[in-house]
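Engineer: Starting off with a structure, shown below.
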Amino acid sequence: MAKITINGVEQAVEDGLYLIEAARRCGVDIPHYCYHPGLPVEGNCRMCSVEVEGIPKLQTACTTIVQDGMVVITDSEKVVGERSDVMEFLLRNHPIDCPICDQAGECGLQDYYMEHGLHDSRITVSEKVKKKKRVDLGPNVVLDSERCILCTRCVRFCKDVVGTEELVIKNRSNHAEITTFPGKGLVNPYALNTVDICPVGALTSRKFRFQCRVWYMKNATSICPGCERGCNIWIDHHENKIQRLRPRLNPDVNNYWMCDEGRLDFHWINDDRVLRAEGPDGLMRPDEADRAVLALLSNPGDVLIVASPRSTNESLFALKRFVEVALPGAALTGGSFRPTGDDDGFLRLPDKNPNSRGMREIGIAGDLENRLNGSAGVVLVFENDLLGDRPDLESVLAGKKVVAFTSNRTATARGADLVVPVTTYAELNGSFTNHAGLRQEFRSAIRPPGDSRSVFDVVKSLSGLLGKELGWESETALTKEMTDVITGWGVRVEEETELHAG
């Protein structure tokens, strides 16, 4: 440990930290643009300049490593003047785009101008250097060159994090700008992370831009269901619709990043939802649907229940208990026919289900195809689109009574005898277990639409109709028993860190 003095207060910090990070851990925020804890340091914006005793010139806190006995001042007149000058320099050619800029509300330029600028402009609009706007860097990212302050975060991300090196700075002085190398586009599978780390709104998401002001949105902690990595994410939502997904810091899982595929995989939660139970005679209330399901369960030995590795641990545990207590003799299987992907050596993993390991640890066998080809005449499919992934199974299911417990109008739902709406992960408190065995909790972001219910509520209702009790009055009680019964199951408490200008 090193002892340093910041603004007159002695603090003990870890050896080897950059001063900007050491100050943050001591509760002192040093403003910055180019620094990002997930990227190599560069020290080009000069916004983090501070006084260090014994050194005549101001030092950049993002490149200065703490030393025992160091005395630092972050709010002296000299430092304050330097920050004001840096703000004026950065804003010299910046466009007056705030009313239409997607970054408004989470913009480092806006925030720091109010804290460290408040200077009168000494140039006219006509003197500003004009650059290209609405530049298509790739399929997902749009660049506004006039807004760019050349912090190079995006360049360093492509070079040092994903190793694709599509971005570069061309030209010099006030004509310098970000662009792609000739013949290259920003097409790497993690390109939208450059939008997250851009502090000023120069890089925007093609799908999100102009969709919703950030101050209208609320956010919830969640886990990406795109693969078995289990990237930690924020779900940003407004008026009960998901607007965007963003990565959430977890150094043990995904650090600051997530892939574009997972980030953009949320529109199905907003669209084409099953809102009411549907049977041969039309729409039904939830209680009518439950009685219709009950009528199919008179012979448990003829029933197959299909669980999904896209379901939460809580849903899977409730299903297993339902079969054991309320429907003994019925078969329970689980699995998915979703096509596998590639292991890209960074975040994306081949298994495109978020909870395959959780399903195995709960004790649900993965013999799905064999069971479907068995003699069961009634198949209850929970959160699984069998026909969407395997159309050839239509002939296998044709002679069976199929009940689809689903959130969306999938191919399986369209061919089912009875459809019952259930919630998505975004409408639940629950958990997934990732490929490494880490069980990660998440919170509901939006309200369930229509008559959608959790799998827990569905099986609790069905067990009640069957005259059996599962033993839990609430999902909280289920979770407690689940963690007690399954040895070694713990939950990591995630650090909920927002990405600001750093």
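Coordinate-derived values only; no laboratory data. Given the structure is predicted, the values throughout are model-derived calculations rather than measurements. Counting neighbours? That spans all protein chains shown, and the Cβs are built from the backbone with ideal geometry, glycine included.
Engineer: When the scattering of the range 270-485 is computed by the Debye formula from its Cα atoms alone, each counted once and equally, what is log10 I(q)/I(0) at q = 0.09, 0.10, 0.12, 0.13 Å⁻¹?
Structural biologist: -0.33, -0.41, -0.60, -0.71
Engineer: Using Cα centres only, tell me the gap between the range 381-437 and the range 194-236 in whole Å.
Structural biologist: Distance between centres, Cα-based: 27 Å.
Engineer: Under the Kirkwood approximation applied to all pairs of distinct alpha-carbon atoms, what is the hydrodynamic radius of the chain in Å? Walk me through the intermediate numbers first.
Structural biologist: Values: mean 1/r = 0.0391 Å⁻¹.
By the Kirkwood definition, the hydrodynamic radius is 25.6 Å.
Engineer: Roughly what angle does helix 286-295 make with the longest principal axis of the chain, taking Cα atoms, 0 to 90 degrees, to the nearest 10?
Structural biologist: 40
Engineer: Also, I was wondering about something else. What ranking of ARG291, ARG147 emerges when the number of other C-beta atoms within 10 Å of each C-beta is taken as an exposure proxy, fewest first? The partial results should precede the final answer.
Structural biologist: Working: ARG291 14, ARG147 22.
So the ranking, lowest neighbour count to highest, is ARG291, ARG147.
Engineer: Over 21 Å between C-alpha atoms is what I'm after, so list which of LYS3/LYS78; LYS133/LYS170; LYS320/LYS460; LYS320/LYS468 land there. Don't jump to the answer; show the numbers that get you there.
Structural biologist: Values: LYS3/LYS78 24 Å; LYS133/LYS170 16 Å; LYS320/LYS460 12 Å; LYS320/LYS468 14 Å.
As for pairs spanning more than 21 Å Cα to Cα, those are LYS3/LYS78.
Engineer: Still on this structure, I have one more. Quick one: helix 475-485 against the long Cα principal axis of the chain, what's the angle to the nearest 10°, folded into 0 to 90?
Structural biologist: Once rounded, the angle reads 90 degrees.
Engineer: Below 13 angstrom from the Cβ of LEU470, what's the summed charge of the other residues (Lys, Arg +1; Asp, Glu -1)? Intermediate results must be reported in sequence, preceding the final value.
Structural biologist: Numbers: positive: LYS320, ARG321, LYS460, LYS468; negative: GLU314, GLU324, ASP457, GLU469, GLU473, GLU475, GLU481.
Spelling it out: positives minus negatives among the neighbours equals -3.
Engineer: Still on this structure, I have one more. In degrees, nearest 10, range 0 to 90: what is the angle between the Cα axis of helix 77-91 and the longest Cα principal axis of the chain?
Structural biologist: The two axes meet at around 70 degrees.
Engineer: In addition: Ranking TRP234, TRP215 by Cβ neighbours within 10 Å, fewest first, what do you get?
Structural biologist: Numbers: TRP234 19, TRP215 9.
Lowest count first: TRP215, TRP234.
Engineer: If the reach is capped at under 15 angstrom between alpha carbons, list the aspartates and glutamates near LYS241, excluding any in the same chain fewer than eight residues apart.
Structural biologist: ASP265, ASP271, ASP272, GLU427
Engineer: Going Cα to Cα from LYS128, which aspartates and glutamates come in below 20 Å? Please leave out same-chain ones fewer than 8 positions away.
Structural biologist: ASP85, GLU88, ASP97, ASP120, ASP144, GLU146, GLU177
Engineer: Expressed as cubic angstrom per residue, what is the convex hull volume of the alpha carbon set of the range 144-279?
Structural biologist: Values: hull volume 19.8 nm³, N = 136.
Hull volume normalised by residue count: 146 Å³.
Engineer: Sum up the charges of everything whose Cβ sits under 9 Å from the Cβ of VAL455, counting Lys and Arg as +1 and Asp and Glu as -1, but leave VAL455 out. Walk me through the numbers on the way to the answer.
Structural biologist: Numbers: positive: ARG453; negative: GLU314, GLU383, ASP457.
Net charge around VAL455: -2.
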